[in-house]
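Report on one structure; see the data block that follows.
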Amino acid sequence: MIANRNYIKILDLIKDSINLDKHSLPIQLHEPDFNQTNSLSYLSDCIETGWVSSAGKWVNEFENKLCEFTGARYAIAVVNGTAALRLALHLVGVRAGDEVILPPMSFVATANAISHLGAVPHFVDIENESLGLCPLEVKERLDSIALKVNNHVINRETGRKISAILPVHIFGTPSKILELLNISEEWNIPLVEDAAEALGSFKYDNKKLIHCGLFGKLGILSFNGNKILTTGGGGALITNDQKIAKLARHLSTTAKKNHKWDFYHDYVGWNDRLPNINAALGVAQIEDLASRIEKKRNLHKKYSEKFELFNELEILKPSDDCISNYWLITLRLNLSKAILEEYRIGLLELAHESGILLRPVWRLLNELPMYQNSPKGQLKVAEDMSKRLINLPSSPQLL
Ligand SMILES: *Cc1c(COP(=O)(O)O)cnc(C)c1O
């Protein structure tokens, strides 16, 4: 009963935080917004010139703007984040039969990209500040199961090679990436960053701000419909490594050698380049991205102030050593285990009835049927957090 009155208070606070006069119910978690952008005129250009497919000036322009915004030396735009991940893992040497270390709390694409290469996800726990892969757990896991053999690392329990570490900057919050990078260097296992949700998120390395995705060998971004910038569907690889960038471009365009009329391909490539028409939307949005992030920061501030009322409910905030894009603003239920599940379900039910589409964090990947038998360490923090986290409507245009 007490819980029930709290739900109404929580939903009222959410409604107070967003400008309900401007929006009709239901309020979605994160929606695209093309107002006050040049989207229409850029799209018209594609249609008028006939350049709609996977070459054209908007693809180049979008990649240049991504470099400018993130500080990456190279950006390669592709059809979606999953394809970007698959290509990134392939480029650092992940092959069929290998294992890749990743956190269990992520969107399913992170594990799927590994499986698409015939490799096997290996789950290691998260830590409860950034909600990302826990460096201590990765270190302990490797110390207990891994063996250096010649130039690579073998999982003694499965006999498989561990060929990448894949942290995820979840909800736009940078993971403990410097510590993870140290482990990657110590073991000589390449680090690929799933920065799908983290366009506009940076972390300090000493005094220098570095964009998520640019700490390891390479990182990936997604421009799916609910991301902070959307091209309809889309993704990108970002890297400072010229050799990797060149190869990424080559393999994502069917590995065709550049020639006027000869079709010569030197590798089993993919057809993964982003069409010009999608890239045009990307350019229109990235021009407006800084102001969108500013609005999201203000929305986070507003929610944080409102929720100060509650002792047991906490709006998560990024640590001082990073800048977040606040992609999804997250509420943590700091309640006792005895009442947690009933409270969580009750709140979600009432919210959905009221048209405020709160969303719990994804089911843990190791609980999905296709990943149930994947190798894993203990996953205590992820198991606990997955019951406590609820994402609030986070579209910048809500403000
Ligand atoms: C969105 C997302 C992806 C996949 O991107 P798509 O563009 O949807 O293929 C990968 N990882 C994470 C963490 C994501 O949120």
Percent of alpha-carbon pairs separated by more than 17 Å within the range 131-191: 37 percent
Overall dimensions of the range 158-294 as given by Cα atoms, namely Rg and Dmax in Å: 17.0, 51
Restricting the range 177-218 to trypsin sites (Lys or Arg not before Pro) in coil, as DSSP defines it, with at most 12 other Cβ within 10 Å: LYS207
Helix-only mean residue ellipticity at 222 nm for the chain, each DSSP H run of n ≥ 4 adding -39500 (n - 2.57), per residue, nearest 500: -11500 deg cm²/dmol
Nearest-20 debye value, the chain charge dipole, Cβ charges on Lys, Arg, Asp, Glu: 560 debye
Carbon and sulfur %, accessible surface of the chain computed with the full protein complex present, 1.4 Å: 50 percent
Selection from ILE10, PHE171, ILE114 lying farthest towards where the dipole of the chain points positive, charges on Cβ: ILE114
In Å, descending, principal axis extents of the Cα set of the range 309-399: 44, 35, 26
Whole-angstrom Cα spans of the range 216-343 along principal axes, big to small: 68, 34, 29
Radius of gyration and Dmax over the Cα atoms of the chain, both given in Å: 21.5, 74
Binned Cα-Cα distance frequencies in the range 90-150 - 10 Å width, integer %: 22, 45, 31, 2
Cα Rg, Dmax (largest Cα-Cα span) when computed across the range 25-182, Å: 19.6, 60
Phi-based couplings in Hz for the range 35-42 (Karplus 6.51, -1.76, 1.60; Gly and Pro marked x): 4, 6, 10, 8, 3, 4, 5, 5
Heavy atoms of ASP288 accessible to a 1.4 Å probe, total area in Å² rounded to 10: 40 Å²
Accessible area of the chain divided out per residue, in Å², using a probe of 1.4 angstrom: 45 Å²
Kirkwood hydrodynamic radius over Cα pairs of the range 307-359, then Stokes diffusion coefficient at 10 °C and 1.306 mPa s, in µm²/s: 123 µm²/s
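The values are calculated or read from the model by the stated rules, or taken from the named source; none is laboratory data. Every value quoted in this text rests on a predicted model; they were computed, and no experiment measured them. Heads up, the Cβs are rebuilt from the backbone with ideal geometry, glycines too, and the neighbour counts pull from every protein chain shown. In case anyone asks, the SASA skips ligands and DNA or RNA and just uses the protein heavy atoms, side chains included. Shrake-Rupley method; radii C 1.70, N 1.55, O 1.52, S 1.80 Å.
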